[in-house]
Amino acid sequence: MKQRNLAGTWRRVGNRAMLKASLGDKARQIRATCVQMAYDGKMGHLGSALSCVDAIVALYHDWLRVSPATADDPDRDRFILSKGHACTAHYAVLADLGFVPKDCLSRYAVMNQPMGSHPCKHALPLLECSTGSLGHGLGIASGMLYGLRHKRSPARVAVLLGDGECNEGSVWEAAMFCAAQKLDGLLAMVDYNRLQAVGRTDQVNGHSSLEEKFRSFGWGARTIDGNAMGGILDALDRFPLRPGRPTALILRTVKGAGVSFMEDQVLWHYRVPSAEDLARALEELKAAPLHLEGSER
Amino acid sequence: MKLAFVETLIRLARANRRIMLLTGDLGFQIFDRFQALYGPRYVNVGVAEAQLVGAAAGLAMTGYRPVTYSIASFATARCFEQIKLSIAYHGLPVVLVGGGGGYAYGECGVTHHSGEDLSLLSGLPGMTVVAPGDAHEVERLLPQVLELPGPAYFRIGRGQEPRYHSRAPVLLGKARLIQEGGEIAVLSTGEIAGELVRALRLLKERRLTPLAYQFHTVKPLDVETLRKVSARVRVILVLEEHLAHGGLGSQVAAWLAQRGSRSVVRMLCIPDEFVLGSPEKHQLRERYGLDAAALAKTIEAEWRASPSARRRG
């Protein structure tokens, strides 16, 4: 089987099963990091970060052709976290891969530091763009890809959206455009954790049909288990799902995934973990936060 | 002005291959030549203003110089958050063109009026706000805004605005002298400058020659000219096809007040109301005393009431 490494070149990897297992471990460590960051930074949105950890890990390790050395390369693949409030997961992955120093993680949501409570490109220039207000990422991604294709760049663009975010009309304006322009270098992942800020996504705006919606807009679309590393990697291998069309992967996830008492609880959209919550979560995850590895907490 | 905009853009796009033109499904036929010449550098995103601005942001992030076009009211208010966050927050060099700015589409009703565009866009940090007065100013200013490192709003008219004469060069950020004079000053922005020029002609017959400037650049405000004007005259009239709040008039008044000026600013604009009844542009101007004849009367009254005129008796 072929796999792209971080330098963006192709290599053969013998054991796909091993990669799936190791990235599963990686995801647990990223989750532990997110919980620690939320505790230290006294900032919520933990449930939204935990649900999409697996997707971000999979993207950076197996799909995005970008590395710290190629972060400025015009032909790099691009990633936009459109659901910007889930940024602890993105920050942790960036630090793990060496895009940013790990010690930044201990200063999440601290004034004038690189890792703000919502991603800001002025604070952390290697981000493709600043996000935080919902419904902007897909439109920006579509423009990027249109431009990249016009330049004949091989670069692709991945966007991670929330399911609540798909209430925004601008998402569907962009979805129409992407299909009309045949932007098949575009990958949209929707973190369908079925909970939005104050209620069940399906009850608020009837989202049980996200896959059908994207398909009817002219996309290739599939629903997969978004917290199962193996399934995500398999789906990424099949990109683009349909030649000549943008691809949407609807990730069925659990909000707060990986920490039993946070799972599927709307409370954990905003709640900040207590010291006790933190200890319990790390115990359950059986992993240490990245930036505290080998040090006394 | 619209044709001048398209023709100028076609000329600029020939030399600068990074220019892309995006429209929100408006500008019937006027972009045909651009499209024929430049193919995929013309994009109709459909009736989707948020997408218009979002796509422009993405293009600018990959090194292009996008120019977006829609009717001013839709190009600004409809997608304001996209302009604020995707464009201005990122400081991207996108030129947002609003066609038929102000009340040029008066007869189409309130939905097509944009009496708050200058205010909205001036409220964004780093945004340059330009409202040319005629086709000549469009031709001269468009290349300049396309050289800016950051975003710009470019309000143009609907078509067939009269050209007016001024020997002063058209420089972005610099007010343009329309008429040398004194006693009082009249400042204008946007295509209503044509109305002012006609009013000045009427006044000249009565030997009244106020100082007159066209502030085609609303932001950044040309405070150097403002300083000179306020040193010379006491009363400054500001004429614009815009609501009173946040346009050129209020920006001029705020600047003068902040530096303790004794100048009196009178705003000649649309009062704080929705303009109902769908009047055509000229009817609307008559309704609010913004047509040349009414302007001449207002300016004359201010002239006669000015301190030095009174001293002369």
> In segment B:182-200, what residues are in a loop (DSSP other than H, G, I, E, B) and at pLDDT 95 or above?
Replying inline: B:T189
> Mind checking which residues of segment A:156-182 are closer than 20 Å to B:N44 by Cβ, more than 9 Å from chain B (Cβ to nearest Cβ) and not in a helix (DSSP H, G or I)?
Replying inline: A:K182
> Are any of the residues in segment A:206-226 crowded, with 22+ Cβ neighbours inside 10 Å and either in contact (Cβ under 8 Å) with a residue 60 or more places away in the chain or in contact with a Pro (Cβ under 6 Å, 6 or more places away or on another chain) (or both)?
Replying inline: yes
> How many residues are touching a Leu at 6+ places or on another chain (Cβ under 7 Å) and open to solvent by less than 10 Å² (accessible area, probe 1.4 Å) when one looks only at segment A:126-144?
Replying inline: 5
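Listed here are the residues, each with its yes/no results for (1) part of a loop (DSSP other than H, G, I, E, B); (2) at pLDDT 95 or above.
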site: A:G218; (1), (2): yes, yes
site: A:N227; (1), (2): yes, yes
site: A:L249; (1), (2): no, yes
site: A:R271; (1), (2): yes, no
site: A:S295; (1), (2): yes, no
> Which fully enclosed strands (runs of 3 or more DSSP E) of segment B:211-302 have 3 or more residues being of a type outside the set (S, T, Y) and without any contact (Cβ under 8 Å) to a residue 40 or more places away in the chain?
Replying inline: B:264-270
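Of all strands (runs of 3 or more DSSP E) completely enclosed by segment B:1-101, which ones contain at least 2 residues that are touching a Lys or Arg at 6+ places or on another chain (Cβ under 9 Å)?
It comes to B:19-23, B:65-71, B:95-99.
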>> As an exercise: evaluate B:A104 against (1) assigned to a loop (DSSP other than H, G, I, E, B); (2) surrounded by fewer than 24 Cβ atoms within 10 Å (Cβ to Cβ) and give the number of the one condition it does not meet.
In response: (2)
> List the pairs whose first member sits in segment B:35-48 and is more than 10 Å from chain A (Cβ to nearest Cβ) and free of Cβ contacts under 8 Å to residues at least 24 places away in the same chain, whose second member is assigned to a helix (DSSP H, G or I) and surrounded by 12 or more Cβ atoms within 10 Å (Cβ to Cβ), and whose Cβ atoms are under 8 Å apart, counting only residues at least 6 apart or on separate chains?
Replying inline: B:Y42/B:F34; B:Y42/B:Q35
> In segment A:248-277, which residues are within 19 Å of A:L292 (Cα to Cα) and open to solvent by 10 Å² or more (accessible area, probe 1.4 Å)?
Replying inline: A:S274, A:A275, A:E276, A:D277
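Out of curiosity, is A:G98 away from chain B (no Cβ under 14 Å), among the small types (G, A, S) and in a loop (DSSP other than H, G, I, E, B)?
So A:G98 fits the description; yes.
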> Which condition number does A:S153 fail, the rest of (1) more than 7 Å from every other protein chain (Cβ to nearest Cβ); (2) buried (at least 24 other Cβ atoms within 10 Å of the Cβ) being met?
Replying inline: (2)
>> Suppose the filter is farther than 21 Å from A:G258 by Cα, open to solvent by 10 Å² or more (accessible area, probe 1.4 Å) and assigned to a helix (DSSP H, G or I); does A:A69 pass it?
In response: yes
> Considering only segment B:49-73, how many residues are more than 7 Å from chain A (Cβ to nearest Cβ) and of a type in the set (S, T, Y)?
Replying inline: 4
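The values are calculated or read from the model by the stated rules, or taken from the named source; none is laboratory data. The model shown is predicted, which means the values in this text are computed figures rather than measured ones. Methodologically, a virtual Cβ is constructed for each residue, glycine included, from the backbone with ideal geometry; neighbour enumeration extends over all protein chains shown. Ligands, DNA and RNA are stripped out before the accessible areas are found, and what is left, the full protein with its side chains, is counted by its heavy atoms. Shrake-Rupley method; radii C 1.70, N 1.55, O 1.52, S 1.80 Å.
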